[in-house]
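Worksheet: the structure to be examined is printed underneath.
The values are calculated or read from the model by the stated rules, or taken from the named source; none is laboratory data. Note that the structure is a prediction, hence the values are computed from the model and not measured. We place every Cβ from the backbone using ideal geometry, glycine too, and count neighbours over all the protein chains shown. Areas reflect the complete protein model, heavy atoms only, side chains present, ligands, DNA and RNA absent. Shrake-Rupley method; radii C 1.70, N 1.55, O 1.52, S 1.80 Å.
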Amino acid sequence: MHAEYTPLEPAAAHTAETARPASSSLDIVPLSRTSSSSTTTDLGPKPPESSEPGVRREIGLVSASSIIIGQVVGSGIFSTPASVAQLCGTPAMALILWLVSGVFSLGGALASAELGTMFPQNGGMIRYLAHAYPRPRALVATIMAYSVTFFCRPAAIAANVAVFSQYFFYAAGRSDFVQDRDYLLRGIGAVTMTGLLLLNVVSVRWSLRLLNFFAFVKIATLLVVSFTGFLLMVGAVKRTAGTNWSRGFRGTRLDAQSFASAMTRLFWSWEGWSNVGYVVGEVKNVKRNLPLSLGLAMSTLAVLYLLANVAYFSVIPLEDIDNGTLLAAQFMDKIFGHAVGQVVLPVCIGLSILGVVMSELFGGGRLMYTAGKTGFVPYGAVLGDVHPRFGTPIYALLIIWALSLVFLFAPPPGKAFDLLVDLVQEGMWYFYALTAFGVIVLRRRLPDYPLRRFRSSLVLSFLFGALSLVLGILQFYPPALVPGKKKPELPYYLAPLLGVVFMTLCLIPWYLRMWRYVNRSGVRLLAWIEEEERDVLAMAESPQS
């Protein structure tokens, strides 16, 4: 998810290629293949401990959960509940929508867990979409590879790193100093991002430790808010007089505009669980740790998010919400005093957003690495290279960093940068939908796939996919206005329209790479898709050792 600086005064919303005859309809160099000499047991073939040369499996359950939490929790939970409740009309209905969106998002996360255990290499949705929709010539996966690696991910990093430092200036009481110094904030972001890049390049272990630290800060902050909500709920702490819960559902409004706007905000508060899929090739004991980390992280956040909503609206009447200030800051001011609300909380939110940047860099480097390693983008031998000493995809990380710098400094302040922030999320709805539907497709096409060690709920997968598709389409529907907030200056349809245009433009590299290059060179760029599946099935049929 992307971050929004809402002050507490918000400014913006959140391989080497081997020549072969081109005889198959699937065409790209075989990626490093799983050895077919792996032993089998009565439970089927064991997943290889390292399926990609140079890549080390160093991510355990805690770190995998931290990667998820690091991407999901930014600044949204500290501000989004206010706008969701105002769109719904009542906190009671908002609480129900938080629960519904959480359950649906868990369905998407568990669908990703099933696909990750089936294909336990780095790449996440790029790899899942290639296996689920291999024809015509991995069109869906190619569009996803180009749009996410070259646009969505670096733009998201730029959008987040540009705002995190504002919270530290606010905590120091110097928010006025940076009010009109946009490029100063970007410069601080660039220096910080470069430091995080260096850590990502030289040490996976220390990168994971920093991700664990950021996750701890996020959970600790949410625990303070949520535990206060629990005490308020059971009556251990006296509530502020108000009518939030006593009104029940009176005043609820769920017209199409309000519902679409509320659900969009809610789903982006849960977004980020897919990040662990990009690094699944480095997760230890994938069949256990991947589903467990996704289930554990999302369930924990669901409880904390719901309790945080209870806390906020047990203290602050809906009518008293100040849309110029973070809801969490208003809450902290009333419960713990000015110092906590205006100093401690901004620091925690700044660190939270920095954790998102770190998680985006860590996963984004593996995403670029896979796009090159699998042949979707040129120069795979460079992008798919892993440093022999550090065990990191150094060149892929450098490309993500460089692209992020471009997105950080290229747009001028104001509308252009705000549009960049909005564009980050466009298009992802369709990829989430197709990934969830991919679980159903692969259940039919590969019903007895040996590495499917975890089965998600097909009902939840379908519901999540359907809702993601609907939300993607609803981006073209006029949004409801949040009371007290200014009407956006740019047309509401501009960001989703540009997102569709950009994805359409990705047809150009798809044609040049998957058709023109393949037909002229004879290189089978997509052979790895069939080979991965065939090798695993052959392992299952081989005699037990």
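A few remarks follow.
- In nm, spacing of pseudo-spin labels at PHE249 and LEU507 (7 Å Cα→C-beta vector): 4.5
- Charge context of ALA433, other residues only, Cβ under 15 angstrom, K/R +1, D/E -1: -2
- Per residue accessible area of the chain, 1.4 Å probe, in Å²: 38
- Euclidean distance of C-alpha centroids, segment 126-177 and segment 331-398, integer Å: 10
- Out-of-range pairs (alpha-carbon distance over 21 Å; input LYS415/LYS487; LYS218/LYS284; LYS218/LYS486): LYS218/LYS284; LYS218/LYS486
- Note on the chain: the alpha carbon radius of gyration divided by the globular reference 2.2 N^0.38 Å gives 0.96.
- Highest-first arrangement of 178-188, 211-221, 418-428, where packing means the average Cβ count within 10 Å: 418-428, 211-221, 178-188
- For segment 248-339, the residue among PHE249, VAL303, VAL276 whose Cα projects farthest onto the positive side of the dipole built from Cβ charges is VAL276.
- Percentage of interatomic Cα-Cα distances in segment 421-526 larger than 23 Å: 53
- Calculated over segment 106-163: convex hull of Cα atoms, volume per residue (Å³): 93
- Charge dipole of the chain (Cα centre as origin; +1 on each Lys and Arg Cβ, -1 on each Asp and Glu Cβ, all else neutral): 640 debye, rounded to the nearest 20.
- Note on the chain: dipole from Cβ charges, positive end direction compared against VAL386, LEU497, LEU326; the farthest Cα belongs to VAL386.
- Net charge contributed by nearby residues that have their C-beta within less than 13 Å of SER293 (K/R +1, D/E -1): +2
- With viscosity 1.306 mPa s and temperature 10 °C, the Kirkwood radius over alpha carbon pairs of segment 69-113 converts through Stokes-Einstein to a diffusion coefficient of 136 µm²/s.
- Most to least packed among 506-516, 392-402 [average Cβ atoms within 10 Å]: 392-402, 506-516
- Label-point gap, in nm, between GLU530 and ARG389 - each point 7 angstrom along Cα→Cβ: 4.2
- Per-pair calculated FRET efficiency, R0 = 41 Å: LEU458 and TYR493 via Cβ, rounded to 0.05: 0.75
- Note on LYS486 and ARG288: with the Förster distance fixed at 35 Å, the Cβ-Cβ geometry gives a FRET efficiency of about 0.10.
- Expressed as a whole percent, the accessible surface of the chain that belongs to carbon and sulfur atoms is 65, based on a 1.4 Å probe.
- Length-normalised contact order for segment 103-158 - Cα pairs under 8 Å, 6+ apart - percent: 21
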